[in-house]
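I have placed the structure first, in the form of structure tokens, so that the comments after it can refer back to it.
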Amino acid sequence: MRLAWTPPRSADCTDEPGVAHRWYRPEVRRLDPWLLAGLTGCGILLFVATYGDRIAPYEPVFLLINGPPGTDRPLPPGQPFLFGSDAVGRDLFSLVLVGARTTLLIVGLAGVARLAAGLGLAIVATWRPLRVLIGAGADIASAVPSTIVAVFAVLVFARQGSPALVFVAALLVTGWAGPYRVVRTELARVRAAPYTEGAIALGVGRGRLLLRHHLPHLVPVLALSVSQQIAAALVALAELGVIGVFVGPTRILNVGEAMRVVPLGFPTSFRVPDAPEWGGLIALGRGFSNLFSSRWTFLVPGVATAVAAIAFAMLGAGIARQYRRRNLIDDLRSRRALVVVLAVLAIVCPSFVLPAPHADAVELGDAARTRAVVGSDPAAVLAEANLAVTPVDRATTRLQQVGPARLGVDAPAGPLAFTEGPHGDYTPLLIGSSGGGTVDAPVVFAGWGISPSGFPPQQVSVFSAGDFGTAVQAWQDDYATVDVRGRVALIFRLPNIRTGRSIVPAPTVDVLLQSALKRGAAAILLVDASRAQLVDRGQPDPYRRLVADDPLRAAVGVPIFTLTPQAADRILAPVGVSATLILGGQLQGDAVATRGASMAREVPERAHLELPIAPVASSSHSLVALTPAPAGAHRLVIWAAAPSLATGSRSAADALSALVRALAGRPTPALAFVVFDPRGDPAANATAVRATLGSTVIDDVLAVESLKGTHLRFATVYGDLVPAIDDYAARIGAAAVRTAGALAADTAETGDLMSAAGLTAFADDHWILVSGDGVGGDGADLRADAAAWLAYAVRRYAGRAPELTR
């Protein structure tokens, strides 16, 4: 049954015969001012959510680490950012614009999900047993604070899936009770209305009665409820930010290396949300000092949250006021509804046809990906591009191992044989204090190789990690227990030791070795559990930087081998010492070390070591090519290390060649192409290449090493480059490992990568090292992805991307 509305007769109408009836159309009701304001506000929010990343003055990947003279981060409102910056130097206004899409999507889903759940449960609760059960559930859900549930869900379950969906689910668990009670009450009211009883008497079905007559009466209540739930979700997101909980994924950025001057006590590591949603911006800007000195860091996202909540509230109130006595379903067929739909489509639809941001960079990246060829000749490719190539040739003579090393031990139960290599039992350590030759001498176990007299206590701050000399002053002297003169000293590498609640760093390897050398050891077997573990995981050798910084100086000297704990167990079996148990875990090592008693003892065995060392002549052939540019122009350096010192691969040169081919016939910025040959002396070779560039000001160095693997891996000590690195890889569709942002300049892995690729010559320049993760078989190759990533970066540099220019 359809109840038709009949317009009243006008006072001007007549019933006279032959006179046409004149009817006046009912007066069209004007839009409620609240509804008009709400539609306008939500339309603006929709526009910002759709185009925020396009209209933002700066991208979230740009971190202004060094602001104007006399200013520290967070930068105050003014220049260069109108509303100031956050703690890591990103433009807050741009972050709010870009983060609007994520934020409004999260809170919109949460608000609609709460209302939909409450409405659905209220409808099915017409059956009394269900009504009692659902009512009890609503009482329990409303008694639990939604913020506590959201914090628990995000902290516990966020790592298992999408943190945003976890947040929405957490708000739904506790937020459905309010809409359920309101809708249930309103449904009970309209069911008792006379028109409902009449419709039932006429045979109207329950479904039609609900959809056609009851729900239109609920429009004001539903509109107010959903606006309240969206506002509540916004408030919950802000509350999580105030207590420092990030809804989205985060990373740690270390910006200390990128700062000109680090103020005393100024933090250099920050936890930064990947997606700049507004709650995360509030979390990043929270802090007692910010309340007074940099209040804009949480005020700007806070104001954005408040404005969005007001806009949704006005829309809900406007719909409720407009349709208190009108049928929304009838208005959905009116011209006004068509105008609203067309306005929404006019805002949203262009985003699907407009080119993606930085489409030119993506196109160049795709072009470079298709031009990656295995075994290309970079010299020929550079010549084909009409670039003048400058060769940098160097001939060097260095002491190197010229044959396999040998280690054998005569044990009481019979001779013991060991294998050489990174995955074997031992590896020679070729540093300046060592040497080659043949040694046949008794073995002695020197424990940790610690003599407290060699580490006088130092006075340190109460805020520092502690002093090693103070920690070991009561230890027994290992070298007073045994005599290592003329013997093969077997030493455990000491882990960091725990003193109370603090951890004291152990001496470096070279310090431990010097203690044994100055006491006359004929050879040293250093037992280190970490070396084999790192190599097995595909990570660089932790001793490679030590070897590069302190090369061999004599062909004959004291052979030094690093030994695995399993090999040490075989040597120490007669005296009942297990290196695997002692060095198998940090806590086990601490437990043994902190007792202070020396483990040193005599061993009834004799070792035979052979290490052939001789001068080896080598030559390197590097290439340098510069694109045309005005005098004094800054340049971006594309640096390909080929062959790789780690794998011997020339894949980096193939990626550079693909980039050069893709740039053919296109406008090219000021670039410097370098094919770097690290053979011989990588540091000296790199210095010679840097000298060829002269006084050229370098903005960034994009270095490429071996590209074997299934995912690209990026390394840099400059935390301000990390967001751009991953953003470029995502936009170009390259398979890449998420970049760690807390690398320090002196970490073993970063230092090894710098040395292997020759980046030590660019210690004062920003650099990024691209390599493969080494996973997969021989067919796993990343030349195409690396070429695409380089091409994307070059096009962004041509567009003067602030994250790449200095």
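The values are calculated or read from the model by the stated rules, or taken from the named source; none is laboratory data. It should be emphasised that the depicted structure is a prediction, and the values quoted were computed from it without experimental measurement. Every residue, glycine as well, gets a Cβ built from its backbone with ideal geometry; the counts of neighbours run over all protein chains shown. We work out accessible area using only protein heavy atoms, side chains counted, and drop any ligands, DNA or RNA first. Shrake-Rupley method; radii C 1.70, N 1.55, O 1.52, S 1.80 Å.
The alpha carbons of the range 686-738 give a radius of gyration and a Dmax of 13.9, 38 Å, in that order. Overall shape: oblate for the range 765-806, with the ratio a/c of the largest to smallest alpha carbon gyration tensor axis at 1.5 or above and b/c at least equal to a/b. Maximal additional length on extending the H621-D477 stretch stands at 46.7 nm, based on 0.36 nm per residue less the C-alpha distance. Between S351 and R181, the modelled labels are 3.6 nm apart [label points 7 Å from Cα along Cα→Cβ]. Specify whether the C-alpha gyration tensor of the range 649-703 places it in the rounded, prolate or oblate class, a ≥ b ≥ c being the square roots of the eigenvalues: rounded for a/c under 1.5, otherwise prolate if a/b is larger than b/c and oblate if not. Oblate. In plain terms, the chain is cut at each of the chymotrypsin sites (Phe, Trp or Tyr not before Pro) found in a DSSP loop with at most 16 other Cβ atoms within 10 Å, and the longest leftover piece is 464-806.
Of the listed residues S706, S453, the order by accessible area with a 1.4 Å probe, largest first, is S453, S706.
Note on the chain: antiparallel DSSP beta bridges, both residues inside, total approximately 60 percent of the bridges counted. Rounded to the nearest 10 degrees, the angle from helix 177-191 to the longest Cα principal axis of the chain is 20 degrees. Compared with the dominant Cα axis of the chain, that is its longest principal axis, helix 215-242 is turned about 30°. The fraction of accessible area contributed by carbon and sulfur in the range 607-745 is 59 percent, rounded to a whole number (1.4 Å probe; ligands and nucleic acids excluded). Taking label positions 7 Å along the Cα-Cβ direction at both V775 and V242, the computed distance is 4.2 nm, reported to one decimal. Computed from backbone phi, the HN-Hα couplings of the range 71-84 come to 10, 10, 6, x, 5, x, x, x, 9, x, 9, 4, 10, x Hz, rounded to whole numbers (Karplus: 6.51 cos²θ - 1.76 cosθ + 1.60, θ = phi - 60°; Gly and Pro given as x). For the range 355-434, what class follows from the C-alpha gyration tensor (a ≥ b ≥ c being the square roots of its eigenvalues): rounded when a/c is under 1.5, otherwise prolate if a/b is larger than b/c, else oblate? Here the range 355-434 falls in the prolate category. With 20 Å bins beginning at zero, the pair-distance distribution over Cα atoms of the chain amounts to 13, 33, 30, 16, 7, 2, 0 %.
Using the 1.4 Å probe convention, the accessible area of the chain works out to 46 Å² per residue with neighbouring protein chains retained. The stretch between R800 and I329, if pulled fully straight at 0.36 nm per residue, gains 164.3 nm over its current Cα-Cα span.
Between L342 and T71, the modelled labels are 4.6 nm apart [label points 7 Å from Cα along Cα→Cβ]. Once the gyration tensor of the Cα atoms in the range 265-403 is diagonalised, the equivalent ellipsoid follows with semi-axes of 58, 32, 12 Å, ordered largest first.
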